[in-house]
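Worksheet: one structure, shown below.
The values are calculated or read from the model by the stated rules, or taken from the named source; none is laboratory data. Bear in mind that the values here come from a model prediction, so they are computed numbers and not experimental data. Quick reminder, even Gly has a Cβ in these numbers, built from the backbone with ideal geometry, and neighbours come from all protein chains shown. These area figures cover heavy atoms from the full protein model, side chains too; ligands, DNA and RNA do not enter into them. Shrake-Rupley method; radii C 1.70, N 1.55, O 1.52, S 1.80 Å.
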Amino acid sequence: MEYGYDLLEWLGPDASTSVFSYLNDPADLVRATAVSRSWRQFIITNGLSKTLCMKLCPEVSYFTGIKEVATSTKKAKQDCSSSDKEWREHERDHKIYIYLSSHLVTPRGTNNCISYCIGASSTDNYPEEIIENTLDSTLSYWSSSGQVDPTVLESLTYQLNFDLGFVDKISIQPFKAFFQLDDPIYSSKYVRFKMGYSKSPNMSTNFKLDQGRLTADENYVWTYISPEFPMLQEDIQQAFRLPRPALCIGGVVKIEFLGRIQKQDMDDLFYICIRNVQVKGRALSPVLGVDLSEIKGGCVLKYCPTAWRTAVLDGYVVSGTKVRRNLLQFCALTAWFWWWFVPLYILGIVYVFFPYFCRAPSVVLNILE
């Protein structure tokens, strides 16, 4: 700087990194990149946006790389140096992780994002009480098989309508058996949620196959496991809000029911019955996705630059460059308009009314009278 010291040069790289690590909001990190060129270069080069994103969302650590999807027909420049290419990659990663972080701290609308059912750990009466009944509360219900041991775990597994997105809450409605004595409710004591992706993306979802093979944990990689939530024994839609929006990588959600409460009088066995399930979340596509064809050794984050340019990015996403450029263009156009329009407007007024004031004094007096 011309009349002062740059804070980064005065503190040094290690101390500067420690200072920036106290920023817990991606908007603050974006504002820091707008302070000066040296700050922007330091933040982007050292991957501070990725560090912040991993602190807010540990599931990001499952990504082993970023795969850029070339959807544009324009040819990339071949004469760029290795340093320029490295800088563009750092800048790309910065935009991606700021985009992910902003979805964690900024409230956004959610909707039910279940696409189809993968399977249940068990089913009592097939096909009258299958898992598909939980997608529509007007249908029947899903029922597990009866167990003597109330600690036997049951689960329902669903595929969401995206391969990468955030999940805020999950709503579950237990089933109340009005056709049985005393109208019992077959809920569980606790409920827990797992999110991840299948190790075999092309695995069949035919319900006639072994349900255990479709829902077994060894067939999935769980990138997020929620704490246990107590479940009420009431016939209402119970909403379980996660401690923070969870990044669902792969779009598979597994709901585990822990502990059985209600016995059935006919066979003296414990059951769990669910009437409706809803997973509330939001997708990150078409900007970001997951390449499940390269899951060996970890997940690959898929990035589409063309979708990035055309998507509505909800405020301060994209490091502020595009936003600042559009704002400067608007200000320049506004200044140009007022610079030329106002003087011409004044000249027009003078041109119209000036001849009246140039007449003889008597005429002027008559006008004034």
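See the values below:
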item: Inter-label distance for L7 and K55, nm, one decimal - labels placed 7 Å from Cα along Cα-to-Cβ; result: 1.4
item: Cβ-Cβ FRET estimate between D182 and S293, R0 fixed at 56 Å, reported to 0.05; result: 0.60
item: Förster radius 56 Å - calculated FRET efficiency between R92 and V148, Cβ distance, rounded to 0.05; result: 0.50
item: Simple spin-label estimate for S18 and R37 in nanometres, 7 Å along Cα-Cβ; result: 3.0
item: When each of K55/K85; K176/K263; K55/K189; K55/K199; K169/K254 is checked by Cα-Cα distance, pairs over 22 Å; result: K55/K85; K55/K189; K55/K199
item: Rounded FRET efficiency, nearest 0.05, which uses the C-beta distance separating K199 from I225 and R0 of 25 Å; result: 0.90
item: Centre separation in Å (Cα based) which lies between region 249-265 and region 181-196; result: 6
item: Whole-number percent relative contact order across region 59-177, with pairs defined as alpha carbons under 8 Å at least 6 apart; result: 22
item: Where W39, W339, W142 fall by accessible area, highest first, once all protein chains stay in place (1.4 Å); result: W339, W39, W142
item: Interchain or long-range residues, amide H under 5 Å from S188's placed H; result: none
item: Length gained when the stretch D84-S115 is fully extended (0.36 nm per residue, less Cα-Cα span); result: 7.0 nm
item: T306 paired with S171, simple spin-label distance in nm, labels 7 Å along Cα-to-beta-carbon; result: 3.7
